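> Below you'll find the structure I mean.
The values are calculated or read from the model by the stated rules, or taken from the named source; none is laboratory data. This one's a predicted model, so the numbers in the text were calculated from it and none came from an experiment. Methodologically, a virtual Cβ is constructed for each residue, glycine included, from the backbone with ideal geometry; neighbour enumeration extends over all protein chains shown. Side chains included, ligands, DNA and RNA excluded: accessible areas come from the protein's heavy atoms. Shrake-Rupley method; radii C 1.70, N 1.55, O 1.52, S 1.80 Å.
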Amino acid sequence: MKRVKAIGLALLLALTILGCGNKTVQNEQQTVKIAYLPITHSLAVLEEAKLLEENGDVEIELVKYGSWPELLDALNTGNVDGASILIELAMKSKAEGVGLKAVALGHRDGNVIVASNEITEEELAGKTIAIPHRQSSHYILVNDLLARNDLTVDDVHIVELAPTEMPSALAAGTIDAYCVAEPFGAMGVSIGAGHVLCESEELWKDSICCGLVLTDAFIEQRPEVAKTVVDTYKTAGSNLSRDEALSVAKENLNQTDEVLDLSLEWISFDDLEITEEMYAELADKVKKYGLLENPPTYEEFVKTEFE
Ligand code: ZN
């Protein structure tokens, strides 16, 4: 009798532990950690988090970083399930063997090249131009602008600078021009430090800049959740009308209305599909301007189908 009781108790205990365990696993499975930087280029993930908060099944845990290298490290080490990130950084990680997939664009267009008020694009030779990172579409756009003026990066001084420092560096005359994720271009214009030399679509139609990138581990272990994340992300993009984008930006980015208003003139978020044509042009530029010798192929790196 005593033995039966003991077995019964042990069973009950085991079931209780299993039950609790399952509950924990289920909760973890429904939360997806997405890394982002507080910039207008990340508004689609911010909008998505808002949509999923209202909806229920899957929850986005937004993990904010202060710089691209820190964010990249979190993605590469699997500390997050995905990120809104400069696509070239993710391409380089993929080329180095990190399991990542780009599943959507971060935004469409949305970059400008800003220069000191007195400088025109024909006068860039010998000037100092800042970019956030060599693995970026900002570096590609600078190369494109120089090429349009029969110059190359060898004719100018390229410096890497933290995005937040660029407007004040331009105002102080430490740099002569820059290209960076928004709203820091708009900020330079807004404080009177510079003017827009050109918008990205003048140099590169259907440019790719940021992408939503997910880890292979997340996609493989939680395919249904990954599908929800990607589908909702695209819905979030089409939700981001100018008014909605402004409202999400005001809520999440510590910027003035004037800066956000100007910045949002240059960007859109509908149709965030990465097409083969777009990617082929990006891969060409990445090779041409020396960012990467062997960028991953579309098939290796881009995933658009989720079942
Ligand atoms: Zn971007």
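> Computed on alpha carbon atoms, what radius of gyration and Dmax characterise region 112-203, expressed in Å?
11.3, 31
> If I compute solvent accessible area with a 1.4 Å probe over the protein chains, what percent of it on region 186-238 is carbon and sulfur?
Its accessible area is 49 percent carbon and sulfur atoms.
> Could I ask something else about it? Of 98, 142, 112, which is the most mobile in a GNM of the chain whose springs link Cα atoms less than 10 angstrom apart?
Among 98, 142, 112, the largest GNM mean-square fluctuation belongs to 98.
> Heavy atoms only, probe 1.4 angstrom, no DNA, RNA or ligands counted: give me 128, 152 ranked by accessible area, highest first.
Details: 128 30, 152 70 Å².
My answer, sorted largest first, is 152, 128.
> Another question, then. Treating the angle as unsigned and between 0 and 90°, give the value, to the nearest 10°, between the Cα long axis of helix 242-252 and the longest Cα principal axis of the chain.
Taking the Cα atoms of the chain, the angle to 242-252 is about 70 degrees.
> I'd like the distance between the alpha-carbon centres of region 71-148 and region 174-243, rounded to an integer number of Å.
Here the two parts' Cα centres lie 10 Å apart.
> What residue among 221, 255, 135 has the largest mean-square fluctuation in a Gaussian network model of the chain, using Cα springs under 10 Å?
221
> Also, quick follow-up: Between 93, 42, 200, which gets the highest mean-square fluctuation from a Gaussian network model of the chain, Cα cutoff 10 Å?
Looking only at 93, 42, 200, the biggest GNM fluctuation is shown by 93.
> Further question: How much length, in nm to one decimal, is gained on full extension between residue 261 and residue 273, taken as 0.36 nm per residue of separation minus their Cα-Cα distance?
1.8 nm
> Another one. Can you give the angle from 0 to 90° between the axis of helix 223-239 and the longest principal axis of the chain, with both taken from C-alpha atoms, to the nearest 10?
Helix 223-239 and the main axis of the chain meet at about 40 degrees.
> Only residues of region 273-307 count here: report those whose backbone N is under 17 Å from the spot 7 Å along Cα→Cβ of residue 231, or say none.
Within reach of a label on residue 231, which here means backbone N under 17 Å from a point 7 Å along Cα→Cβ, region 273-307 contributes 273, 304-307.
> Continuing with the same structure: Report the calculated FRET efficiency for residue 254 and residue 196 (r = Cβ-Cβ distance, R0 = 25 Å), to the nearest 0.05.
My answer for the efficiency is 0.65.
> While we're here: Please tell me the relative contact order of the chain in percent, rounded to the nearest whole number, where contacts are Cα pairs under 8 Å and at least six residues apart.
The value is 26 percent.
> Put a dot 7 Å past each Cα toward the Cβ at residue 120 and residue 300; how far apart are the dots in nm?
4.4
> Here's another thing I want to ask about it. Quickly work out the residue 221-to-residue 164 label distance, labels modelled 7 Å from Cα along the C-beta direction, and quote it in nm with one decimal.
According to this spin-label approximation, the distance is 3.1 nm.
> Report the net charge of residues surrounding residue 119, where surrounding means a beta-carbon distance below 12 angstrom and charges are Lys +1, Arg +1, Asp -1, Glu -1. Working shown, then result.
On the way: positive: 127; negative: 118, 121, 122, 123, 176.
With Lys, Arg at +1 and Asp, Glu at -1, the net is -4.
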